[in-house]
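Structure record follows, encoded as structure tokens.
The values are calculated or read from the model by the stated rules, or taken from the named source; none is laboratory data. All values reported here derive from a predicted model rather than from experimental measurement. Reconstructed Cβ throughout: ideal geometry from the backbone, glycine too, with neighbour counts over all protein chains shown. Surface areas here come from the heavy atoms of the whole protein model, side chains and all, with no ligands, DNA or RNA. Shrake-Rupley method; radii C 1.70, N 1.55, O 1.52, S 1.80 Å.
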Amino acid sequence: MLTFLGERLLSALLTLAIAAVAVFLVVHMIPGDPVMIMLGEASGGDPETVARVRESLGLDRPLVIQFWHWASRLVQGNFGLSLRSGEPVLGDLLIRIPRSLELIAGGLVVAIGLGLPLGVISARNRGKLSGAVSSVVSVIGFSAPVFVTGVLLVILFAVWLRLLPPSGYVALADDPWLHFSCLILPSLAIGINFMGVVARVTRASLIDTLDKDYVALARAKGLSKERALLHHALPNAMVPVIAIIGIRAGNLLGGTVIVEALFDWPGLSSLLVSAAFARDYPVVQGSLIAIFTLFIFISLFIDLTQSFFDPRVRAKA
């Protein structure tokens, strides 16, 4: 197990190093001059002012030198200063990352809590009405775009029933009840969309597992159909389900832009988009590095979880 963990950690660090190089190069290929955007019309495009600001930011140096200074600071936890606000980028990231993780966690709770039972019911009751209904619900879930689901949720729970706030963010320390009330609708919007994927993958994997010889042997030894499903088939069917959950959770780190905009949730995705429009290189780089890092370590966690359910994953490593 330690060898497996060490190999995965080494692979994660190597991937992160490659990602850092890619982020630096891609960000510097974004069209537009960040100095001109930062100075605006006030400078009138004065060459001396532009040159002085560019020199102070280190943007006049060769790209290799810029990368060396950036990477040296990065390994020390220094993400630089925002070109817009002049504040440390790390401060913004430490505020935004927990909010995005909280939103993703809420969506995953909804997706797993609804999708897993739907997939089990659909696989368990093939050819029956309950199985067909479960399959239809799951298809509707992943077919509806997240912004459509979000708007319908706002209309239902905020406008008609007046049970939840339509949008906004309140810090947990300021008002815990209102904080979680604001979290429910965006979590549902993400979770309902992802629920269908979890249900379909669970159904396909469980159907395949139920046809295995060891499940038939368990039934022949006198186990009920429900016990054989829950104790023998379902744990083995969870391996691909865990994989798709991990991949989707990683994708959501930078893919919740629509949800954050719709529900006015100030997370990492909205920070990345606003910084990209402003050509704020340090914030864009810091946000992308944070997303890559979280994605890599989520993948590492998924590998370890899969190895727990299926030791053959460790054997293949």
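Observations on the model:
- When Ala278, Ala249 are checked against the criterion of being under 19 Å from Pro88 (Cβ atoms), out of contact with any Phe, Trp or Tyr (no Cβ under 7 Å at 6 or more places or on another chain) and open to solvent by less than 30 Å² (accessible area, probe 1.4 Å), Ala278 stands alone in meeting it.
- Test: residue in segment 285-302 that is touching a Phe, Trp or Tyr at 6+ places or on another chain (Cβ under 6 Å) and in a helix (DSSP H, G or I): yes
- Leading residue by the ranking (nearest to Leu103 (Cα to Cα)) among those in segment 147-187 that are open to solvent by 70 Å² or more (accessible area, probe 1.4 Å), in contact with a helix residue (DSSP H, G or I) (Cβ under 7 Å, 6 or more places away or on another chain) and not aromatic (Phe, Trp, Tyr): Leu172
- Only a single criterion out of (1) surrounded by fewer than 16 Cβ atoms within 10 Å (Cβ to Cβ); (2) modelled with pLDDT under 80; (3) more than 30 Å from Arg248 (Cβ to Cβ); (4) among the hydrophobic types (A, V, I, L, M, F, W, C) is not satisfied by Val53, namely (1).
- Residue pairs meeting the criteria (Cβ under 7 Å; at least 6 apart or on separate chains; first on the phi > 0 side of the Ramachandran plot, in segment 261-276; second modelled with pLDDT of 90 or more and assigned to a loop (DSSP other than H, G, I, E, B)): Asp264/Ser167; Asp264/Gly168; Asp264/Tyr169
- Candidates are the residues of segment 206-234 that are surrounded by fewer than 14 Cβ atoms within 10 Å (Cβ to Cβ) and among the hydrophobic types (A, V, I, L, M, F, W, C); the one that is farthest from Gly119 (Cα to Cα) is Ala220.
- Here Ser122 passes the criteria (1) within 30 Å of Arg203 (Cβ to Cβ); (2) of a type in the set (S, T, N, Q); (3) open to solvent by 70 Å² or more (accessible area, probe 1.4 Å) except the one numbered (3).
- Test: residue in segment 74-97 that is under 29 Å from the mean Cα position of the chain (by Cα), charged (D, E, K, R) and open to solvent by less than 70 Å² (accessible area, probe 1.4 Å): yes
- Residues in segment 13-37 that are at pLDDT 80 or above and of a type in the set (A, V, I, L, M): Leu13, Leu14, Leu16, Ala17, Ile18, Ala19, Ala20, Val21, Ala22, Val23, Leu25, Val26.
- The numbered conditions (1) part of a helix (DSSP H, G or I); (2) modelled with pLDDT under 95 are all true for Leu172 except (1).
- Contact map, segment 185-198: residues that are touching a residue at least 60 places away in the same chain (Cβ under 8 Å) paired with residues that are of a type in the set (D, E, K, R) and open to solvent by 10 Å² or more (accessible area, probe 1.4 Å), Cβ distance under 6 Å, separation 6+ or inter-chain. Pairs shown: Phe194/Arg248.
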